[in-house]
Structure formats: C-alpha cells, structure tokens
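Student: So that we are looking at the same thing, I have put the structure below in structure tokens.
The values are calculated or read from the model by the stated rules, or taken from the named source; none is laboratory data. This is a predicted model, so every value here is computed, not measured. Reconstructed Cβ throughout: ideal geometry from the backbone, glycine too, with neighbour counts over all protein chains shown.
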Amino acid sequence: MYEFRLLDPMTAPDYERLTSPMFRSQLSAIHGSFAIGVQHQSQPCGLILAEYSHRDRRSRICSLYVEPAHRRRGLGKALLDRMEQTLIDAGCVEVELHYTVNLMTPVLDRILEQLNWSPGAPFGLMCVIQRHLVQNAPWLNYPLPTSLTPFPWSELTLQDRETIQQQRSSLLNYPPELCPFREEHLIEPRFSFGLRHQGQVVGWNIVHRIAVDTVRYSALYVRPDLQPAGRAIPLLATAVRQQIQDRQITKGIFIVLLDNAAMVKFVKHRLSPYLTEIQQTWKASKDSVSEGCCLKCVRTIL
C-alpha cells in the first residue's frame, strides 16, 4: 500500500536521500517550495520537489525520483500529477521541470506524454566548471569600463529592488528565468554582484550556494542596450575570481539561454576548455484547463 503526503519541515528530512545534495537545503527548509513524498510500509520511496514563487506565480520542479524497487508502478506519474494539482491550487500559472537523459528518460517521456505535455524545443546550455581548471583563464581579467561599477548584491537598497521590479517589462526587460529575486534564501553574498550605470542598477550576477562544494550562477544579466559591448563577461569574472579564492567551493554550475547569442559564443569559444560538463536544455509546455494555467517543462539532454 502506497501513501502520498504533502511534506512539511517536520516530515521532509526523512526524504533527503531521495534527492540530489544540491536540493536538500530546499527540502529541509521547505522555504518557498512544495514537496510531495510517497511511502511504502512507512518507508519513503519517492519524492517530487518544486520551487514556487508566489510573486511571479511560477514554479520549477527541481527533483523527481522513485526508488528502483518501486518503479513501473505509476508512482512517478502520480507524483507529477499531484504536484501539478498542488501548484494549480496555490495559484501557479507556469511550472518548469528539469531532467537529464539517462536510462529512465524514456519512462519520463511517456509520463509527460500521458499528462499531455507538448514536445520540447532547445532552450539553453547547462555548464559545469571546476575551480582548478578556470583559475588561469584569460577572460578572468577582462575589465569593466569605468562607466560601469560592480557592487555587492548585499548592498542592494529597497529603492533599487522596487525599481528593478518596476522596470521588469520596460527598460530592464529581463526574462523571468533571470529574475534576481528567486531563491533568495540560497544567495551566496560573497559571489553575488550587481552592476550600476549612472547610479542605476543595470545588471546582476546572482549566485546560489546549492551544496557544500558547489555554487550555481543562476542569473547573469546586463541591460539590453549595454549587452553588445560584452559587459556580462567581466561581471561574471568578478564573481568567479571570488569563488576560486574559496578552496571549499570547487564547482560552479550555470545555464546560458540559447537566445543569448553572445553568451553562447563565449561558452563555445572561451569557456569550453574549462568545462568538465556541458548539457543542452529543452523546454516543452502544457496548457491546463484549470484557470488557464500554462505548465512548462525544461528537459536537459546530455
């Protein structure tokens, strides 16, 4: 007999072994997240974890896992179906799901098809960089022009924050994926920086601590009218220089959107020698009849 349960801070830690170390801090805190577990004879055997932003009404499914001994019994489909309904009930209008290709990918593809997810399309590149490889990279010394000033993100003012939110669809025009206010409880303040031009915030590089030895460069953005001049690379370098001084943090992960041609070119021609892993992400979408909810899936392909 299988029992599904919506987890809380008291019950979630029992399911930590069913997700990657990079997501365990989210699971234990359940801060801005939903987690649904399934157990058999009182023993956890499956888990789905989703991050949710009430402000944007957007969600990202971080982890979906069923123990091998309990697979082929419909538990993965049931977990995803229950999470979708939980998110809809919370007012979610968009959700993303990330996964990498492995032996279980055909099973997951069938689950998505059964739940009426549409086919995916290329979306981005996920890169993994190691401290010992990148520390001598020449682009770490690319300078910012004197008209642009980096500052620690921890020094962001309330007025700065309000302006960024107000200009989201106008002057700054940043996509939801690059919002600097996602997963704020995971922000690593030593490596997260903003960028000012004439006193106004025009960019940021937000870094999240997702494991003891790993950070994720989650949102690298520079205002569109300044992007052609390659301002994002020196901003990224500012954070990487800080990271390589910390011997405990050996790995960095980041995603480059495919529609950012300049960054894709940088990855292929400048960054690739320092990468230990590069994967392609795909995005699919699903329209829900409930309150017009649009559900999106992001698939990571080796």
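Student: Return yes when THR149 is part of a strand (DSSP E or B), more than 20 Å from LEU257 (Cα to Cα) and not assigned by TED's automatic domain parsing to the domain that holds PHE23 and no when it is not.
Tutor: yes
Student: Does PRO106 satisfy the criteria of being modelled with pLDDT under 90, assigned by TED's automatic domain parsing to the domain that holds GLU277 and either crowded, with 18+ Cβ neighbours inside 10 Å or out of contact with any strand residue (DSSP E or B) (no Cβ under 8 Å at 6 or more places or on another chain) (or both)?
Tutor: Numbers: modelled with pLDDT under 90: yes; assigned by TED's automatic domain parsing to the domain that holds GLU277: no; either crowded, with 18+ Cβ neighbours inside 10 Å or out of contact with any strand residue (DSSP E or B) (no Cβ under 8 Å at 6 or more places or on another chain) (or both): yes.
Judged against the criteria, PRO106 is not a match.
Conditions (1) within 18 Å of GLY76 (Cα to Cα); (2) modelled with pLDDT under 85, marked per residue:
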site: SER20; (1), (2): yes, yes
site: ILE30; (1), (2): no, yes
site: ILE48; (1), (2): yes, no
site: ARG58; (1), (2): no, yes
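Student: Being closer than 29 Å to GLY199 by Cα, buried (at least 16 other Cβ atoms within 10 Å of the Cβ) and touching a strand residue (DSSP E or B) at 6+ places or on another chain (Cβ under 6 Å) is the filter here; which residues of segment 126-152 pass it?
Tutor: Scanning segment 126-152 gives LEU148, PRO150.
Student: Can I ask one more? Quick check, is PRO180 over 18 Å from the mean Cα position of the chain (by Cα), buried (at least 19 other Cβ atoms within 10 Å of the Cβ), at pLDDT 90 or above and not in a strand (DSSP E or B)? Let's see the steps before the verdict.
Tutor: On the way: over 18 Å from the mean Cα position of the chain (by Cα): no; buried (at least 19 other Cβ atoms within 10 Å of the Cβ): yes; at pLDDT 90 or above: yes; not in a strand (DSSP E or B): yes.
It is false that PRO180 is over 18 Å from the mean Cα position of the chain (by Cα), buried (at least 19 other Cβ atoms within 10 Å of the Cβ), at pLDDT 90 or above and not in a strand (DSSP E or B).
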